[in-house]
Amino acid sequence: MSDTASTAATATATATATASSTTTEASPITKTTVVGRWADEPDDVVEEPEATSTSSATDGIVLDSLAIDESKKVNNFLDDPEDANIQAVTSGETPYTSAVRFEDLNLSPELLKGLYVEMKFERPSKIQSISLPMILTPPFKNLIAQAHNGSGKTTCFVLGMLSRVDPKLGVPQALCICPTRELAIQNMEVLLKMGKFTGITSELGLPADKANYMPISKRAPITAQVIIGTPGTINKWIAAKKLGTSQLKILVFDEADHMLAEGGFKEDSVRIMKEIVRWSPKCQVLLFSATFNENVKAFVSKIVKDLFKQEYNQLFVKKEELSLDSVKQYKVNLPDELSKILVIKDKIMELGQKVGQTIIFVKTRKSAGMLHDALSGYGYEVTTIQGALTQEDRDKIVKEFKDGLTQVLISTDVLARGFDQAQVNLVVNYDLPIRHDHQSEPDHEVYLHRIGRAGRFGRKGAVFNLLCGERDNMIMEKIERHFNHYVTEVTSWTDDEQFEDALKKAGLM
DNA sequence: AAAAAAT
């Protein structure tokens, strides 16, 4: 806990943990047509009895400069109840004012046009209004930013990259590293759309499949201004001197906690950082994710501090406030593994299709295939994605799902993070996510990312966790405790009405 | 008894 705030200035202020936004209770924003506007978490239920006598001292929200502004009523970081659950820790003297409109950000007319015309955004979301001034105000400080799933983080760093690039300079100036091929592609799609009128050039840094393979030595040096890719390929390009790092102005890690986690992509990511800091010591670093557990948070802060030797800002959300209130979570106890398949066949397939698209998460590639075969055998149409498929197949299956041609997608954790499809209203955990070093412990972060595939941008959603046996129940309980979020039980797995009811209560029917 | 990236 005490680790992170070490470099920051130290005037503490608390965020009011008890949300006071009870005004719009009658008409929560449930429309699936919400565009580019933070529909926001509904007002809070009165759960936790005493757990919230927040110890301000340990939370360390430091709003040194902001506090000054506050007296002038310039910023609304603290006044706005909407922002109460994002904690800002700023360093140094730079004052920031949260952006009420995109016009407040000194963006180029081309970029504004992209936001309004192409993206159809209206106003910055919460994380956007807070983080964009931090990203775009000189001196360009590094930023470690946590925000809820589906709250618009991608826009923050894509806008950051697009506005830092000098269009006249035909060399790589912005680099974004992602954990999966799918996420890199998705981020590139956002970049192309948002940057449509800027003329800024970009390229994906992904491994080529066999058909398009070209030895790295024969490749021409990269001249695109923005590169988005996966760590292996980016490292390869840098090592082969095909990707110059001397003009880089901004470096982004999407899903940064995973990118810097032990057993994740830590080594690759650190290598990229070291190479870049060597040639572009003033390069701005942005680390974004919905999750930063205490371990990773400590490491991430340390590496940013040690390597880049610059001031950095931080935005964090308490884990108890990370579950989306718009996504209703359920658990179903089942007598055996076979009934998991039956419950999906009899309940999920029927009901799920009525309320939108569904993603079913499984633990292994093998169980993905087994479930797929079983459901196909029953005559249902499902598609499956996992990392062992060819790149071509992966792209095709994602595209079909995004185009709405398929309704139910079985996936390993390859899509657990970042995958953005507004029509996904239902997530099923066929297996609960568990830590691979301690099989009896849940992987809290993966759980949160998985359920965050539903309820994008304030939309309604539901999650069914399929439990089988004492161990599953224990893991579920640990997850509930960790996020301080009760998961409702569907008591009879054979009762149609209970499932229908659950979806109704989730606001989906 | 592990996902993913990539060699």
| query | Somewhere in the stretch A:253-274, is a residue of a type in the set (S, T, N, Q) and within 26 Å of residue A:446 (Cβ to Cβ)? | reply | yes
| message | I want to confirm something. Restricting to the stretch A:357-373 and keeping residues that are open to solvent by 20 Å² or more (accessible area, probe 1.4 Å) and either part of a loop (DSSP other than H, G, I, E, B) or over 18 Å from residue A:412 (Cα atoms) (or both), which single residue is farthest from DNA strand B (Cβ to nearest atom)? | response | A:363
| query | Residues in the stretch A:405-436 that are away from DNA strand B (no atom under 13 Å from the Cβ) and among the acidic types (Asp, Glu): how many? | reply | 1
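What number of residues within the stretch A:179-192 satisfy the criterion of being in a helix (DSSP H, G or I), of a type outside the set (A, V, I, L, M, F, W, C) and within 21 Å of residue A:446 (Cα to Cα)?
4
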| task | Consider only pairs whose beta carbons are under 7 Å apart and that are at least six residues apart or on different chains; among these, list those whose first residue lies in the stretch A:472-493 and is in contact (Cβ under 8 Å) with a residue 60 or more places away in the chain and whose second residue is of a type in the set (Asp, Glu) and surrounded by fewer than 20 Cβ atoms within 10 Å (Cβ to Cβ). | result | A:483/A:320; A:484/A:48; A:484/A:320; A:486/A:47; A:486/A:480; A:487/A:480
| In the stretch A:236-257, which residues are in a loop (DSSP other than H, G, I, E, B) and of a type in the set (Val, Ile, Thr)? | A:245
| Mind checking whether some residue in the stretch A:330-337 is without any contact (Cβ under 8 Å) to a residue 40 or more places away in the chain and surrounded by fewer than 18 Cβ atoms within 10 Å (Cβ to Cβ)? | no
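Say whether the condition of being open to solvent by less than 60 Å² (accessible area, probe 1.4 Å), closer than 20 Å to residue A:325 by Cβ and assigned to a loop (DSSP other than H, G, I, E, B) is met by at least one residue in the stretch A:497-505. Explain how you work it out, then say what you get.
In the first step, residues of the stretch A:497-505 are kept if they are open to solvent by less than 60 Å² (accessible area, probe 1.4 Å); the result is A:498-499, A:502-503.
Filter once more, keeping what is closer than 20 Å to residue A:325 by Cβ: A:502-503.
Narrowing the set further to residues that are assigned to a loop (DSSP other than H, G, I, E, B) leaves none.
Checked the stretch A:497-505: no residue is open to solvent by less than 60 Å² (accessible area, probe 1.4 Å), closer than 20 Å to residue A:325 by Cβ and assigned to a loop (DSSP other than H, G, I, E, B).
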| field | Output for the stretch A:193-235, where each listed residue is free of Cβ contacts under 8 Å to residues at least 24 places away in the same chain, in a loop (DSSP other than H, G, I, E, B) and more than 10 Å from DNA strand B (Cβ to nearest atom) | value | A:214, A:215, A:219, A:220, A:221
| Top-ranked residue in the stretch A:418-444 [being farther than 19 Å from residue A:473 by Cα and among the hydrophobic types (A, V, I, L, M, F, W, C); ranked as most open to solvent (accessible area, probe 1.4 Å)] | A:422
| request: Would you be able to tell me the number of residues in the stretch A:236-267 that are touching a residue at least 40 places away in the same chain (Cβ under 8 Å), open to solvent by less than 40 Å² (accessible area, probe 1.4 Å) and not small (Gly, Ala, Ser)? | output: 12
| request: Write out, first by first residue and then by second, each pair whose Cβ atoms fall under 6 Å of each other, whose residues are 6+ apart or on separate chains, and whose first residue, in the stretch A:405-422, is more than 19 Å from residue A:388 (Cα to Cα) while the second is within 16 Å of DNA strand B (Cβ to nearest atom) and among the polar types (S, T, N, Q). | output: A:406/A:383
| message | Scan the stretch A:437-455 and tell me whether some residue there is away from DNA strand B (no atom under 16 Å from the Cβ), within 22 Å of residue A:153 (Cα to Cα) and not in a helix (DSSP H, G or I). | response | yes
| query | Is one or more of the residues making up the stretch A:99-110 under 17 Å from the mean Cα position of the chain (by Cα) and either farther than 24 Å from residue A:197 by Cα or of a type outside the set (Val, Ile, Thr) (or both)? | reply | no
| Got at least one residue in the stretch A:458-480 being within 30 Å of residue A:262 (Cβ to Cβ), in contact with a His (Cβ under 7 Å, 6 or more places away or on another chain) and more than 16 Å from DNA strand B (Cβ to nearest atom)? | yes
| If you take the residues of the stretch A:374-404 that are away from DNA strand B (no atom under 16 Å from the Cβ) and over 23 Å from residue A:422 (Cα atoms), which of them is least open to solvent (accessible area, probe 1.4 Å)? | A:375
| task | Say whether the condition of being over 19 Å from the mean Cα position of the chain (by Cα), within 21 Å of residue A:185 (Cβ to Cβ) and of a type in the set (A, V, I, L, M, F, W, C) is met by at least one residue in the stretch A:410-423. | result | yes
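The values are calculated or read from the model by the stated rules, or taken from the named source; none is laboratory data. Worth saying up front: this structure is predicted, and the values here are computed from it rather than measured. Positions of Cβ are generated from backbone atoms using ideal geometry, with glycine treated the same way; all protein chains shown enter the neighbour counts. Only protein heavy atoms, including side chains, enter the accessible area calculation; ligands, DNA and RNA are left aside. Shrake-Rupley method; radii C 1.70, N 1.55, O 1.52, S 1.80 Å.
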